[in-house]
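The values are calculated or read from the model by the stated rules, or taken from the named source; none is laboratory data. Everything quoted here is computed from the prediction, not taken from an experiment. Here the Cβ positions follow ideal geometry from the backbone for every residue, glycine too, while neighbour counts run over all protein chains shown.
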Amino acid sequence: MSHELLTCAEMGRADQATIVGGTAGITLMETAGAAVAQEVMAGLGPQPRRVLVLAGPGNNGGDGWVAARHLATAGWPVEVASTVARGALRGDARLAADQWMGSVLPISEAAARFAAAPDETAPPVVIDALFGAGLSRPIEGEVADLLASLAASPAAVVAVDVPSGVSGDDGAVMGMAAPAMLTVSFFRPKPGHWLMPGRALRGRLVIADIGIQDGVLREIAPVTMLNRPSLWRHALGAPVASDHKYRRGHLVVAGGPPETAGAARLAARAGLRAGAGLVTIACLSDALSIYAGADPAVMTRVAPTPEAFEQLLRDRKVAAAVLGPGQGVDALTRDWVRRALARLPAAVLDADALTAFAATPDLLFDQIREVTGDGARVVLTPHDGEFARIFPDLSDASRLDRARIAADRTGAVVVLKGADSVIAAPGGAAGRIAINGNAPARLATAGAGDVLAGITGGLLAQGLPAFEAAAAAVWLHGAAARRLPRGLIAEDLPDALPAVLDAVAPGTDPTLDPLGFGLDG
């Protein structure tokens, strides 16, 4: 199962390479339109329903004209409403439109067709083929009003490529968009299919094969991926007979004061369940009794001073640390972060370990760059609020660009958390970046981010590279939540990890779905 996501420009290159290779553009359009028609018949049949195709001025509209013809041939009652006169079309779209023998409405009459007639048992199907993923300006005026009417109607909307108005590159809504129950796109998904709000507007996503060969990807070399196990499965080690707890990795979690101790406890248990051989919570003496009685498998050590914390990191064969969950926004946290970065081969900085540097983010970035230049593996896991505190100048950038720029600025792997978490590695335009798509809405619960930090730390402690550890942690976090019912709380997540890890372990068949919910969500 492929994991590449193609930007609009990259998809254009794939089309062009196929055309140069001898496949006519009208052949690609014919195949695409036929695929849309087939999905309509498969998903909304078997009894034909009234269909209205909204056709725009470009190739997306051309796909709509083809779909209209195939549906009409199959006995479905079809009308086409076009934004431009047929004679004004150019290229392949004109060739497709010229083969349509049915009625054509002006776009001004389309909204009247959205409502179900009194004698209809099901609402009409509207095929949204107005504008594709590469729309370059916001939708306004008559077409925006049309889409607003469509959004308020009972019609079953099927989008071609993306719902019109959604950017294929970042999922943003450009002016107006009507939600679809089904989106049919081609060859490979686009980032906008998986980034919010595009992800929420597209409905079920089908990627149709229209004859573009996978070999074109070698020339395109896409760097944006959908976060699937195929990205990181190879890095997950399997236990072997010679293992011992230190070989599987010692993870230290920085504990905060008694009133916020739950966060570090969640991270510690998640680190254990993710496979770390040993987990220790380092804390001040006033919190020892809380941490020591929390989990029999988690060790505790008092570190009364920053120097004592550093000594713990030096003496206990520590492989990685998690800092920030419930730790406190103060100078002590900043000191522990500095010492952990200087002493350890790997670290996760979350929550307070980021916010503590809100007034001096460059100080944190300098410390991270200094150690990552020597090969240390550092992962930052901010949610949007924490991200804005340490990267305030990036608020206007797209979600992908924010994560990518932050990774380059710090030298760390950045996980920008959310319903559509983005995992970015340093490397500029060539840096790897993945969009996660399997996190259920019920994962929005207090403490879930602390669990994610612990999973990431547990994988880093076992020696995974930073990008693979971060991407795997985000996916495993979502998959664990999908195994749990509504009403899950963060404490439930770590204990759901073993079954998920077994399902994606190296050597398992990646085409199977042992979890019963779909590996991609």
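Residue pairs whose Cβ atoms lie under 7 Å apart, separated by 6 or more positions or on different chains, with the first residue in region 74-98 and in the same structural domain as Glu120 (by TED's automatic domain parsing) and the second basic (Lys, Arg) and part of a helix (DSSP H, G or I), are Glu79/Arg113; Ala97/Arg86.
Yes/no per residue for (1) in a helix (DSSP H, G or I); (2) over 15 Å from Gly275 (Cβ atoms):
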residue: Asp450; (1), (2): yes, yes
residue: Ile455; (1), (2): yes, no
residue: Gly478; (1), (2): yes, yes
residue: Leu484; (1), (2): no, yes
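Candidates are the residues of region 268-316 that are farther than 18 Å from Ala340 by Cβ and charged (D, E, K, R); the one that is surrounded by the fewest Cβ atoms within 10 Å (Cβ to Cβ) is Asp286.
Going by the structure shown, is Gly237 more than 18 Å from Ala340 (Cα to Cα), outside the structural domain of Ala376 (by TED's automatic domain parsing) and either among the small types (Gly, Ala, Ser) or buried (at least 24 other Cβ atoms within 10 Å of the Cβ) (or both)? So Gly237 passes the test.
Within region 196-228, how many residues turn out to be part of a loop (DSSP other than H, G, I, E, B), over 24 Å from Ala42 (Cβ atoms) and of a type in the set (Val, Ile, Thr)? Final tally of qualifying residues: 1.
Residue count for region 247-278 under the criterion of being of a type outside the set (A, V, I, L, M) and in contact with a strand residue (DSSP E or B) (Cβ under 7 Å, 6 or more places away or on another chain): the result is 5. For Gly203, the requirement of being of a type in the set (Gly, Ala, Ser), modelled with pLDDT of 95 or more, over 22 Å from Gly141 (Cβ atoms) and buried (at least 24 other Cβ atoms within 10 Å of the Cβ) is not met. On the basis of being of a type in the set (Gly, Ala, Ser) and under 15 Å from the mean Cα position of the chain (by Cα), does Gly171 make the cut? Considered against the rule, which asks whether it is of a type in the set (Gly, Ala, Ser) and under 15 Å from the mean Cα position of the chain (by Cα), Gly171 comes out as yes. Listed by first and then second residue, the pairs linking a residue in region 395-423 that is part of a loop (DSSP other than H, G, I, E, B) and at pLDDT below 95 to a residue that is buried (at least 18 other Cβ atoms within 10 Å of the Cβ) and not hydrophobic (A, V, I, L, M, F, W, C), with Cβ atoms under 9 Å apart and 6 or more places separating them unless they lie on different chains, are Ser395/Arg402. The listed residues are His234, His193, and the only one of them that is within 14 Å of the chain's Cα centre (by Cα), in contact (Cβ under 8 Å) with a residue 24 or more places away in the chain and not in a loop (DSSP other than H, G, I, E, B) turns out to be His193. Pairs linking a residue in region 43-68 that is within 19 Å of Ala122 (Cβ to Cβ) to a residue that is modelled with pLDDT under 95 and assigned to a loop (DSSP other than H, G, I, E, B), with Cβ atoms under 6 Å and 6 or more positions apart or on different chains, are Arg49/Ala122. Can you pull out every residue in region 458-476 that is within 18 Å of Val422 (Cα to Cα) and outside any helix (DSSP H, G or I)? Pro465 - this is the single residue of region 458-476 that is within 18 Å of Val422 (Cα to Cα) and outside any helix (DSSP H, G or I). Identify all residues within region 308-344 that are in a helix (DSSP H, G or I), among the polar types (S, T, N, Q) and in contact with a strand residue (DSSP E or B) (Cβ under 9 Å, 6 or more places away or on another chain); write none if there are none. Answer for region 308-344, where residues must be in a helix (DSSP H, G or I), among the polar types (S, T, N, Q) and in contact with a strand residue (DSSP E or B) (Cβ under 9 Å, 6 or more places away or on another chain): just Thr333.
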